[in-house]
Each structure stands twice: as structure tokens, then as C-alpha cells.
Amino acid sequence: MDTGLAMDVLRTALYLVVFVLVGYLIRYFLTVYVSNWAKKTKTKIDDIIINAVKTPLVLAFLIIGFSFAFSRAEFIPQSIRAELPLLGNILIVLLGALVVVRIIVGLLSYYGEIKPSFKSLTPIFTKVFKFLTYFVAFILILNSLGVEVTALLAGLGIAGIAIAFALHETLAQLFAGIYIMTDRPVRIGDYVK
């Protein structure tokens, strides 16, 4: 084996190890110090955010390290090295979407626990926020791939207006139902005329 190639492989492995170690060190810091601080607070919101970020943070450092190390590796063909940053960007966007979804689901569940009137709406809001988050991630990925997304977003805006006009009564009833479920003006056992 050529010594230049061996040094290149060793340097690439060293980059990966350093990035993964930094990720684990940050995770350790979050787990030990920040989590202990967050447990002392009255609210669980900070606990939810920290738990949602801990593991994906290590994966983010692994992805960044992989992209950094292999884009500089001479033993990998240039055509593949040129595409690695794009792959890293796509994976980071997906990981970011996963973190946002975990935070939103955790916050909605927590809010459902402290406000029982909201508990029945939690699954609906969870699905809506998941869809919106993954849709934004999909648009960001398309933009990273070089697809022009402005026309797509304009078309979706126009389609949204058309759907809103077509479903005007249905949407009015939906929001009225949500209002009744959250405000609870009528409870079980009440008589309604």
C-alpha cells in the first residue's frame, strides 16, 4: 500500500473520530450538566427540548464529519467527493426536521397533560405540524438539489386559496368544533336546547 494513500485513509478516519468525539462530548455535556439544570426548573419544556436534541446532535456531527472527511479524501473519486456536501446538506435538513417534529410532539403532549381540554386536539395538531415540518424539509431539499421552488410555492398558495374557498363551510365547522373542544362551554351532563 502506498504511504500517501495510507496517510489519506488515516487522516480521513481521524477526521471522523474527532467529529464523533465532539458530538459525544456535547451530548455528555447536555446529558450531565444541562439536563440536571433543566430538571430543577418548574416546567418540562426544557427537558423536552434537551431530550429531542441529544441523540440527533451526535448524528449531526457524524454527518458533518463524514461530509468533511470524505470530501477531502484523495482515495475517493472526484465525482463522488463533489456530491458529498450535497448529501450532507440533505441529511442535515432531514435530521433538523426530525428534531423539530420531536420537539413539537413533546410540547403538544406536555400541553395536553397540563390542559385536559387540549388533550383531545393533540393528535390533530400533531399530524398537522408533522406534515408542515416535513413539507418544509422537502422544499428545502428540493432547493438544495437545484430545483426552482418559487413556482411550486406560488402554485401551492393559489391552490390553498381555492381549497379554502371551496371548503369554506367545512372549515368553519371544523374551527367551531375546535373552539368547542378547547373552551368547553358545554360539558357532559349539561342540558342543551
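Those helices (runs of 4 or more DSSP H) of the range 35-134 in which at least 3 residues are modelled with pLDDT of 90 or more, considering only elements entirely within it, cover 78-114. Please tell me if residue 28 is open to solvent by 100 Å² or more (accessible area, probe 1.4 Å) and at pLDDT 80 or above. In short, yes. Residue count for the range 32-59, restricted to those that are within 27 Å of residue 93 (Cβ to Cβ), within 20 Å of the chain's Cα centre (by Cα) and of a type outside the set (Asp, Glu): 13. The residue pairs whose first member lies in the range 129-151 and is more than 15 Å from residue 93 (Cβ to Cβ), whose second member is outside any loop (DSSP other than H, G, I, E, B) and at pLDDT 90 or above, and whose beta carbons are closer than 7 Å, counting only pairs six or more residues apart or on different chains, are 129/104; 130/101.
Which of the following residues is in contact with a Ser or Thr (Cβ under 9 Å, 6 or more places away or on another chain), more than 29 Å from residue 147 (Cβ to Cβ) and open to solvent by less than 70 Å² (accessible area, probe 1.4 Å): 50, 76, 90? Please lay out each step first, then the result.
Numbers: 76 fails: more than 29 Å from residue 147 (Cβ to Cβ); 90 fails: more than 29 Å from residue 147 (Cβ to Cβ).
The match here is 50.
The values are calculated or read from the model by the stated rules, or taken from the named source; none is laboratory data. For clarity, every value in this text was computed on a predicted model and none was experimentally measured. Every residue, glycine as well, gets a Cβ built from its backbone with ideal geometry; the counts of neighbours run over all protein chains shown. Just so you know, the surface numbers come from the protein's heavy atoms only, side chains and all, with ligands and any DNA or RNA stripped out. Shrake-Rupley method; radii C 1.70, N 1.55, O 1.52, S 1.80 Å.
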